[in-house]
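Data first, discussion second: the structure below is written as structure tokens.
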Amino acid sequence: MSTSPIRVTVWHEYVHEKKNAVVGKLYPDGMHTVMAEAIREHLGDNVVVRTATLQEPEHGLTEQVLAETDVLTWWGHAAHAEVDDEIVDRVHQRVLEGMGLVVLHSGHYSKIFKKLLGTTCSLRWREAAEIERLWCIMPGHPIADGLTDEFFQLEQTEMYGEFFDIPEPDELIFVSWFEGGEIFRSGCTWNRGKGKIFYFRPGHETFPIYYDANVRRVLANGVKHVASQRSSAPVRLNAPCIDPPLSPIAADHQVDQSLH
Ligand code: ZN
């Protein structure tokens, strides 16, 4: 495994801050800059962080940027449909090749998340500034490293509730309880190809979620965790026919090549 710094690209649609006064006041330089700071704050010299936004050419996700990205974080909400399908395919391919992906909050409905998971990723929601308690149900998981209690609490959040239409997670690290009664699987991981995905629920734009110490810690832990599969081992993604075989095969078998 490489010991060089994790190369992180924090991607943000960067729309709400410019149109909504509450969001603009909370995040005057955009949510992406605050998320980038949180990652640097916790990972220090072990990380190099850049940001990219929807408005940049190729949404800031050129072939070169993605080739130089070990972990991509994704926040989108109002402009999912404006993300070019070609860029989505490019990100998808990179995840299968081993790039880590951290999808945040309303990114549950992004093209890239739905494409990777293959389900609707629908959920129920309500914005009522209610309390959320995120219970850690895998306290031994690296993503929970540094938390000091069995749960952490956000005083005012948007609610996301079950049923969350996702494939069963490989790991379920956090389950949220909401003041209004719902529960939600709010910290999940999946493997796709050689890549690892972490979905983390908090992040509604009208509350100061990305200034919360626990959220910042889990975000950074998540980045570190999905990058942990950086390995030089090859991955084949084009269903190759292995002929000749690695060892001799006794059978005399005629292949109808027209079937392949
Ligand atoms: Zn939201």
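Evaluating residue 104 against the criteria (1) touching a Ser or Thr at 6+ places or on another chain (Cβ under 7 Å); (2) among the hydrophobic types (A, V, I, L, M, F, W, C); (3) more than 16 Å from the ligand (Cβ to nearest atom) leaves one unmet condition, (3). All of 187, 180, 195, 203 fail the test of being in contact (Cβ under 8 Å) with a residue 24 or more places away in the chain and closer than 27 Å to residue 236 by Cβ, apart from 195. Only one entry of 108, 80 meets the criterion of being more than 12 Å from the chain's Cα centre (by Cα) and not hydroxyl-bearing (Ser, Thr, Tyr), and that entry is 80.
Screening residue 110 with (1) crowded, with 23+ Cβ neighbours inside 10 Å; (2) away from the ligand (no atom under 16 Å from the Cβ); (3) without any contact (Cβ under 8 Å) to a residue 40 or more places away in the chain gives one miss only, at (2). Selection of the stretch 221-257 for residues being at pLDDT below 90, in contact with a Gly (Cβ under 9 Å, 6 or more places away or on another chain) and of a type in the set (S, T, N, Q) yields 228, 229, 231. The lone criterion from (1) without any contact (Cβ under 8 Å) to a residue 60 or more places away in the chain; (2) more than 16 Å from the ligand (Cβ to nearest atom); (3) out of contact with any Asp or Glu (no Cβ under 7 Å at 6 or more places or on another chain); (4) among the hydroxyl-bearing types (Ser, Thr, Tyr) left unmet by residue 69 is number (1).
Would you call residue 122 of a type outside the set (A, V, I, L, M, F, W, C), within 17 Å of the chain's Cα centre (by Cα) and in a loop (DSSP other than H, G, I, E, B)?
yes
The values are calculated or read from the model by the stated rules, or taken from the named source; none is laboratory data. Keep in mind that what you see is a predicted model, and the values were worked out from it rather than measured. Quick reminder, even Gly has a Cβ in these numbers, built from the backbone with ideal geometry, and neighbours come from all protein chains shown.
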